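J.: Below is a structure I'd like to ask you about.
The values are calculated or read from the model by the stated rules, or taken from the named source; none is laboratory data. Source: prediction; values computed, not measured. Quick reminder, even Gly has a Cβ in these numbers, built from the backbone with ideal geometry, and neighbours come from all protein chains shown. Heavy atoms of the whole protein, side chains included, go into the accessibility calculation; ligands, DNA and RNA do not. Shrake-Rupley method; radii C 1.70, N 1.55, O 1.52, S 1.80 Å.
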Amino acid sequence: MEKAISDTTNISALGKIYLAAEFIFLFFGLPSLIFMNPQFKYKIVVLLAATLLIFLVLYFDKSFDRKEFTRVGEIKKYLPKIFLRSLFVFVFMLGLTWYVKPENLFFILKRIPILWFVIMFFYPILSAYPQEVLFRTFQFHRYKSLVKNETTMIILSTISFSFLHIVYHNYYAVILTLAAGYIFTKTYRENKSLVAVAIEHAIYGNIVFTVGFGEYFYKMAGS
């Protein structure tokens, strides 16, 4: 029997409609608006502001356990899996970069090592962790009443995470984050740890920037 993730009887039909509309707007509507306005100069500002707002909503939600922000779960048992997958991601991204844009291989590391160090330090804090709060912790807490089982929530989280990356106007970002989003969501649910999935996300992201594929994840049309 498939595992249910919540009791869906504590919210009215109207409440569910509102939550569904909110989910669609935040995770599909907002990225679509940004995508359709490539000349808009404040894309990053809008995304960061939305992320901060959602974080605050979660933080002040009385039904939310703030310990979730730092929960490590059984991370020691899960680290070997993360390590092995990270090795695969490194080899895969190395091959993909060599195939798509070989001149970019280790470009930042070789040409601007100081920038590389800055990215390695700040990406986990300012990008990976906030994204996991948004797409894993927030979604599973806020919208759990909309679905009957964990599989559906995993699918929604995975697809919405991938869809966000349409703002970069390239299919590499969307396809790669579809696969990564599924892995991240499974890590979050299996280990029940925001810290674990943030670590895995940070490692993958730093690999992408290290091997030279980062331009597909930060350059936006019109920016």
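J.: I125 fails exactly one of the following numbered conditions: (1) open to solvent by 40 Å² or more (accessible area, probe 1.4 Å); (2) at pLDDT 95 or above. What is the number of that condition?
T.: If we test I125 against (1) open to solvent by 40 Å² or more (accessible area, probe 1.4 Å); (2) at pLDDT 95 or above, just (2) comes out false.
J.: Being of a type in the set (A, V, I, L, M, F, W, C) and free of Cβ contacts under 8 Å to residues at least 60 places away in the same chain is the filter here; which residues of the stretch 26-41 pass it?
T.: Keep residues of the stretch 26-41 that are of a type in the set (A, V, I, L, M, F, W, C), which gives 26-28, 30, 33-36, 40.
Listed by number, the residues that qualify are L26, L30, L33, M36.
J.: Now for a different question. Quick one: G29 ticks every box in (1) modelled with pLDDT of 90 or more; (2) assigned to a loop (DSSP other than H, G, I, E, B) bar one, so which box is it?
T.: Just one mismatch for G29, condition (2).
Residue-wise test of (1) farther than 26 Å from P31 by Cβ; (2) out of contact with any Ser or Thr (no Cβ under 8 Å at 6 or more places or on another chain); (3) among the hydroxyl-bearing types (S, T, Y); (4) at pLDDT below 95.
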site: L79; (1), (2), (3), (4): yes, yes, no, yes
site: F88; (1), (2), (3), (4): yes, yes, no, no
site: V118; (1), (2), (3), (4): yes, yes, no, no
site: P130; (1), (2), (3), (4): no, no, no, yes
site: R142; (1), (2), (3), (4): no, yes, no, yes
site: F161; (1), (2), (3), (4): no, no, no, no
site: H169; (1), (2), (3), (4): no, yes, no, yes
site: A179; (1), (2), (3), (4): no, yes, no, no
site: Y182; (1), (2), (3), (4): no, no, yes, no
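J.: Find the residue count for the stretch 104-117, including only residues that are in a helix (DSSP H, G or I), open to solvent by 40 Å² or more (accessible area, probe 1.4 Å) and either within 17 Å of I203 (Cβ to Cβ) or touching a residue at least 40 places away in the same chain (Cβ under 8 Å) (or both). Quick ask: steps written out before the conclusion?
T.: First pass over the stretch 104-117, keeping only residues in a helix (DSSP H, G or I): 104, 107-111, 113-117.
Retained after the next criterion (residues that are open to solvent by 40 Å² or more (accessible area, probe 1.4 Å)): 107, 109-111, 113-117.
Next, from what is left, pick out any that are either within 17 Å of I203 (Cβ to Cβ) or touching a residue at least 40 places away in the same chain (Cβ under 8 Å) (or both): 107, 109, 116-117.
Of the residues in the stretch 104-117, 4 are in a helix (DSSP H, G or I), open to solvent by 40 Å² or more (accessible area, probe 1.4 Å) and either within 17 Å of I203 (Cβ to Cβ) or touching a residue at least 40 places away in the same chain (Cβ under 8 Å) (or both).
J.: Answer yes or no as to whether T51 is on the phi < 0 side of the Ramachandran plot, hydroxyl-bearing (S, T, Y), open to solvent by 90 Å² or more (accessible area, probe 1.4 Å) and touching a residue at least 60 places away in the same chain (Cβ under 8 Å). Break it down into steps so the answer makes sense when it comes.
T.: Working: on the phi < 0 side of the Ramachandran plot: yes; hydroxyl-bearing (S, T, Y): yes; open to solvent by 90 Å² or more (accessible area, probe 1.4 Å): no; touching a residue at least 60 places away in the same chain (Cβ under 8 Å): yes.
It is false that T51 is on the phi < 0 side of the Ramachandran plot, hydroxyl-bearing (S, T, Y), open to solvent by 90 Å² or more (accessible area, probe 1.4 Å) and touching a residue at least 60 places away in the same chain (Cβ under 8 Å).
J.: Just a yes or no: is a residue in the stretch 3-25 within 22 Å of V133 (Cβ to Cβ), assigned to a loop (DSSP other than H, G, I, E, B) and in contact with an Asp or Glu (Cβ under 7 Å, 6 or more places away or on another chain)?
T.: Yes.
J.: Exactly one condition in (1) within 20 Å of the chain's Cα centre (by Cα); (2) open to solvent by 100 Å² or more (accessible area, probe 1.4 Å) is false for K76; which is it?
T.: It fails just one condition, (1).
J.: Can you tell which of K16, K101, K62 is open to solvent by less than 60 Å² (accessible area, probe 1.4 Å), modelled with pLDDT of 85 or more and of a type outside the set (A, V, I, L, M, F, W, C)? Don't jump to the end; show me each part of the working.
T.: Details: K16 fails: open to solvent by less than 60 Å² (accessible area, probe 1.4 Å); K62 fails: open to solvent by less than 60 Å² (accessible area, probe 1.4 Å).
Selected residue: K101, the only one of K16, K101, K62 that is open to solvent by less than 60 Å² (accessible area, probe 1.4 Å), modelled with pLDDT of 85 or more and of a type outside the set (A, V, I, L, M, F, W, C).
J.: Whether any residue in the stretch 41-48 is of a type outside the set (S, T, N, Q) and open to solvent by less than 40 Å² (accessible area, probe 1.4 Å) is what I want to check.
T.: Looking only at the stretch 41-48, we keep the residues that are of a type outside the set (S, T, N, Q), and these are 41-48.
Keeping just the survivors that are open to solvent by less than 40 Å² (accessible area, probe 1.4 Å) gives 43, 47.
Among the residues of the stretch 41-48, at least one is of a type outside the set (S, T, N, Q) and open to solvent by less than 40 Å² (accessible area, probe 1.4 Å), which makes the answer yes.
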